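Novice: Structure incoming, see below.
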Amino acid sequence: MTAPAPALAWFRRDLRIADNPALRTACRSGPVLPVYIHAPEEDGSWRPGAASNWWLHHSLSALRDELRKRGSDLVLRAGRDALSTLLALARETGARTVCWNAVPEPGPRRRNRLVRAALEKEGLTVHLHEASLLFDAPAIRNKQGRPFQVFTPFWRHCTENLAPGLPEPAPPVLPRPRGFPSSVELESLGLLPSVDWAAGFLETWRPGEAGARRALRRFVREALETYDAGRDRPDRPGTSLLSPHLHFGEISVRQVWRAIETAAASPSCRKASLVYRRELGWREFAHHLLEHFPNTPDRPLHPEFDRLPWRRDPQRLKAWQQGRTGYPIVDAGMRQLWRTGWMHNRVRMIAASFLVKDLLLPWQEGARWFWDTLVDADLANNTLGWQWSAGCGADAAPYFRIFNPVLQAAKFDPEGEYIRRWVPELKALPAPWLFQPWEAEPLVLQAAGIVLGQTYPLPIVDHGEARDRALAAYAVMKHAD
């Protein structure tokens with residue numbers, strides 16, 4: 001008897017078993033061959049950064065383990081492009097069906113169309129699903145038929161007119177083919193750093209579907225109730241820490257939405273659940289913008305910002321990257337980023353404002369650094385965040401909004417616990433001098449064992465002067481012909 005033809009379940013940024021439409025469709029087609037194709041060259045100038053590659057390695061390992069528990073396996077292949085690898089696998093295995101979930105970015109969407117057409121031309125059946133977002137980003141339009149550029153009406157439109165689908169459970173079985181084709185070793189993909197600068201990552205994260213479920217349970221149980229007030233406090237464990245799990249699709253946004261919606265049945269969580277779901281809405285909005293304005297990862301949405309007289313200062317850029325600016329809240333965030341591959345969102349805004357407003361360095365420099373160092377580096381969210389900080393994007397902060405890093409630290413890290421953790425050379429300095437050590441009396445610094453300019457840097461700019469300089473630069477840009 002001839003063995004039934006297998007279906008290729010092509011994993012992309014959906015590294016999970018549950019609520020995976022492509023995998024479920026493949027299971028209905030017959031024996032399933034799960035496959036992941038490493039083809040970073042297809043991502044062009046926005047290839048995954050070093051921190052993302054670290055996460056991907058461990059996420060693929062976790063996915064492979066989950067598949068093996070179910071009697072299946074993960075076929076790993078590497079190549080210049082996914083299409084040629086899929087065609088080779090189809091010929092090698094006799095597969096007649098290919099199923100995958102779309103990556104909601106302009107480049108991958110263009111490749112989807114090309115890959116689908118080429119596979120169908122070869123006589124293969126293609127099933128392409130949307131599984132990364134709550135709503136269909138390309139289809140959302142305002143009353144004038146144009147894409148939204150302001151979050152509040154966008155989110156009102158979504159919540160009043162659209163409904164997220166319910167998440168589906170994992171397939172009860174994964175039909176196994178008679179044999180699996182060859183697979184490259186995960187280590188051969190070269191995703192891990194040759195120098196182990198990521199040692200602190202494993203202290204913070206557990207990549208994979210099981211780690212994502214655990215993070216969601218912890219958040220609902222321990223932090224959701226106080227999320228409304230606690231999400232802006234970097235000194236407290238008040239956020240969900242789900243962003244890298246969502247980016248790599250280890251958990252679906254529908255699963256998260258459903259869990260938060262269920263938790264809202266408790267009166268104590270009702271308000272916080274609305275606030276958190278609104279944050280998921282910002283994720284949707286970021287992808288909506290990227291879908292309709294695909295050049296924004298590199299260019300400002302508002303082109304007049306190309307005329308802003310940005311500076312080129314490699315020395316100050318390096319000081320910012322290394323957390324050596326002399327402003328403790330900024331340095332704490334940048335060091336947290338380097339150590340863990342993540343930074344609290346409030347501190348991201350402070351650090352970003354410092355780069356583009358205090359230092360007048362191009363927002364693209366910050367976006368590239370975050371792209372390389374964040375485990376949750378996401379093209380849509382990264383672009384939205386940096387254009388918001390620079391004031392040049394949709395629904396952006398006004399150009400004249402310039403965060404004062406001293407006041408921000410005092411407001412959101414009032415006891416200084418966050419700064420003391422990540423800038424330990426200042427841990428003996430009492431507040432308020434902890435937020436502005438250059439203002440401390442010499443005896444206070446001496447008692448804390450601090451020598452400014454030696455044990456901790458002096459500020460690389462004066463914030464008051466930098467603020468005036470930034471406002472002047474923005475005024476020039478606004479009035480240029």
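The values are calculated or read from the model by the stated rules, or taken from the named source; none is laboratory data. Owing to the predicted nature of the structure, the values given are computational and were not obtained by experimental measurement. Every residue, glycine as well, gets a Cβ built from its backbone with ideal geometry; the counts of neighbours run over all protein chains shown.
Novice: Return the only residue of 119, 89, 133, 83 being within 30 Å of residue 242 (Cβ to Cβ) and among the aliphatic types (A, V, I, L, M).
Specialist: 133
Novice: I would also like to ask the following. Of the numbered conditions (1) in a loop (DSSP other than H, G, I, E, B); (2) surrounded by fewer than 10 Cβ atoms within 10 Å (Cβ to Cβ), residue 173 fails exactly one; give the number of that condition.
Specialist: Of everything listed in (1) in a loop (DSSP other than H, G, I, E, B); (2) surrounded by fewer than 10 Cβ atoms within 10 Å (Cβ to Cβ), residue 173 misses just condition (2).
Novice: Somewhere in region 33-53, is a residue part of a loop (DSSP other than H, G, I, E, B), aliphatic (A, V, I, L, M) and surrounded by 20 or more Cβ atoms within 10 Å (Cβ to Cβ)?
Specialist: no
Novice: If you don't mind, there's one more thing I want to ask. If we scan region 114-127, do we find a residue that is basic (Lys, Arg) and either at pLDDT below 95 or buried (at least 16 other Cβ atoms within 10 Å of the Cβ) (or both)?
Specialist: Yes, some residue in region 114-127 is basic (Lys, Arg) and either at pLDDT below 95 or buried (at least 16 other Cβ atoms within 10 Å of the Cβ) (or both).
Novice: Which residue pairs have Cβ atoms under 7 Å apart, sit 6 or more places apart or on different chains, and have a first residue in region 127-138 that is under 19 Å from residue 7 (Cβ atoms) and a second that is basic (Lys, Arg)?
Specialist: 128/116
Novice: Could you check how many residues of region 176-192 are surrounded by fewer than 17 Cβ atoms within 10 Å (Cβ to Cβ) and in contact with a Leu (Cβ under 8 Å, 6 or more places away or on another chain)?
Specialist: Of the residues in region 176-192, 5 are surrounded by fewer than 17 Cβ atoms within 10 Å (Cβ to Cβ) and in contact with a Leu (Cβ under 8 Å, 6 or more places away or on another chain).
Novice: Can you tell me which residue among 415, 465, 425 is over 30 Å from residue 304 (Cα atoms) and either in a helix (DSSP H, G or I) or in contact with a Gly (Cβ under 6 Å, 6 or more places away or on another chain) (or both)?
Specialist: Answer to the check: 425.
Novice: Does residue 339 qualify as being without any contact (Cβ under 8 Å) to a residue 12 or more places away in the chain and within 20 Å of the chain's Cα centre (by Cα)?
Specialist: no
Novice: Related question: Among the residues of region 208-224, is there at least one that is assigned to a loop (DSSP other than H, G, I, E, B), modelled with pLDDT of 95 or more and either over 20 Å from residue 345 (Cα atoms) or not basic (Lys, Arg) (or both)?
Specialist: Yes; the residues of region 208-224 include at least one that is assigned to a loop (DSSP other than H, G, I, E, B), modelled with pLDDT of 95 or more and either over 20 Å from residue 345 (Cα atoms) or not basic (Lys, Arg) (or both).
Novice: Across region 357-376, what is the number of residues that are β-branched (Val, Ile, Thr) and not in a helix (DSSP H, G or I)?
Specialist: So the answer is 1.
Novice: Now, a different point. List every residue pair whose Cβ atoms sit under 6 Å apart, with the two residues 6 or more apart in sequence or on different chains, where the first one lies in region 74-102 and is on the phi < 0 side of the Ramachandran plot and of a type in the set (Phe, Trp, Tyr) and the second, anywhere, is in a strand (DSSP E or B) and surrounded by 21 or more Cβ atoms within 10 Å (Cβ to Cβ).
Specialist: Once the first residue is on the phi < 0 side of the Ramachandran plot and of a type in the set (Phe, Trp, Tyr) and sits in region 74-102, its partners that are in a strand (DSSP E or B) and surrounded by 21 or more Cβ atoms within 10 Å (Cβ to Cβ) give 100/10.
Novice: Mind checking whether some residue in region 130-147 is touching a strand residue (DSSP E or B) at 6+ places or on another chain (Cβ under 6 Å) and surrounded by 15 or more Cβ atoms within 10 Å (Cβ to Cβ)?
Specialist: Taking every residue of region 130-147 in turn, at least one turns out to be touching a strand residue (DSSP E or B) at 6+ places or on another chain (Cβ under 6 Å) and surrounded by 15 or more Cβ atoms within 10 Å (Cβ to Cβ).
Novice: Among the residues of region 84-110, count how many are closer than 30 Å to residue 285 by Cβ, surrounded by fewer than 17 Cβ atoms within 10 Å (Cβ to Cβ) and over 18 Å from the mean Cα position of the chain (by Cα).
Specialist: Here the count works out to 2.
Novice: Whether any residue in region 255-268 is outside any helix (DSSP H, G or I), of a type outside the set (Asp, Glu) and surrounded by 16 or more Cβ atoms within 10 Å (Cβ to Cβ) is what I want to check.
Specialist: Among the residues of region 255-268, at least one is outside any helix (DSSP H, G or I), of a type outside the set (Asp, Glu) and surrounded by 16 or more Cβ atoms within 10 Å (Cβ to Cβ), which makes the answer yes.
Novice: Give region 290-323 a look and list any residue that's more than 13 Å from residue 387 (Cβ to Cβ) and touching a Ser or Thr at 6+ places or on another chain (Cβ under 7 Å), or say none.
Specialist: 319, the sole residue that qualifies.
Novice: Here's another thing I want to ask about it. Working carefully through the options 384, 407, find the one that is over 19 Å from residue 330 (Cα atoms) and part of a helix (DSSP H, G or I).
Specialist: Testing whether each residue is over 19 Å from residue 330 (Cα atoms) and part of a helix (DSSP H, G or I) leaves just 384.
Novice: Moving on. Please work out which residue is surrounded by the fewest Cβ atoms within 10 Å (Cβ to Cβ), limiting yourself to region 401-441 and to residues that are aliphatic (A, V, I, L, M) and at pLDDT below 95.
Specialist: 431
Novice: Give region 176-207 a look and list any residue that's part of a loop (DSSP other than H, G, I, E, B) and under 23 Å from the mean Cα position of the chain (by Cα), or say none.
Specialist: 190, 191, 192, 193, 196, 197, 198, 199, 200, 205, 206, 207
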